[in-house]
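The values are calculated or read from the model by the stated rules, or taken from the named source; none is laboratory data. Keep in mind that this is a model prediction, so the values were computed, not measured. So basically every Cβ, Gly included, is an ideal-geometry build from the backbone, and we count neighbours across all protein chains shown. Quick note on the areas: whole protein, heavy atoms, side chains included, nothing else; ligands and nucleic acids left out. Shrake-Rupley method; radii C 1.70, N 1.55, O 1.52, S 1.80 Å.
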Amino acid sequence: MGTIDLHGLKHEKVGSMLDIFIWENMKHNASAVKIITGNSSEMKKIVYDIAHEYGFSIDDSWTNSGTLIMYLS
């Protein structure tokens, strides 16, 4: 499972970085990716919105509240 750490990044950069990260993982047939957001509710909202745009489901990691799991299939 691929992982990207968005914690500490400027919100305006997240969309393009996440697009590239998702695309690269889809090319390698990943079924899910781990997205580290930290505890920023705004960062989590950005990631949830992008998942929704792509039609992917997303869950909070049960082991780390600062991490989301996005399912690519």
Note: residue 27 to residue 64 extended length (0.36 nm per residue) minus current alpha-carbon separation gives 10.6 nm
On each of the three principal axes the extent of the alpha-carbon atoms of the chain, given in whole Å and largest first, is 29, 27, 18
Counting only protein heavy atoms and rolling a 1.4 Å probe, one gets per residue an accessible area for the chain in Å² of 63 Å²
Counting only backbone N atoms under 13 Å from a point 7 Å out along Cα-to-Cβ of residue 73, the residues of the stretch 20-48 in range are 26-33
Cross-link reach from residue 13 to aspartates and glutamates, straight Cα distance under 14 Å and at least 8 residues apart if same chain, gives 5, 42
Counting only residues 5 or more apart in sequence or on a different chain, those whose built amide H sits under 5 Å from that of residue 72 are 32, 33
GNM of the chain, Cα pairs under 10 angstrom: of 47, 14, 33, the biggest fluctuation goes to 14
With only helices counted (DSSP H, runs n ≥ 4, each -39500 (n - 2.57)), the per-residue ellipticity at 222 nm for the chain, to the nearest 500, works out to -14000 deg cm²/dmol
Applied in sequence order to the stretch 16-25, the curve 6.51 cos²θ - 1.76 cosθ + 1.60 (Karplus, θ = phi - 60°) yields integer Hz couplings, x standing for Gly and Pro, of 5, 5, 5, 4, 5, 4, 4, 4, 4, 6
Straight-line reach check, residue 27, cutoff 18 Å on alpha carbons, 8 or more apart in-chain or any other chain, hits among aspartates and glutamates -> 19
Scalar couplings 3J(HN,Hα) for the stretch 52-59 by Karplus 6.51 cos²θ - 1.76 cosθ + 1.60 (θ = phi - 60°), nearest whole Hz, x for Gly and Pro, are 4, 4, 7, x, 9, 8, 8, 9
The extension gain from residue 3 to residue 20, computed as 0.36 nm times the residue separation minus the Cα-Cα distance, is 4.9 nm
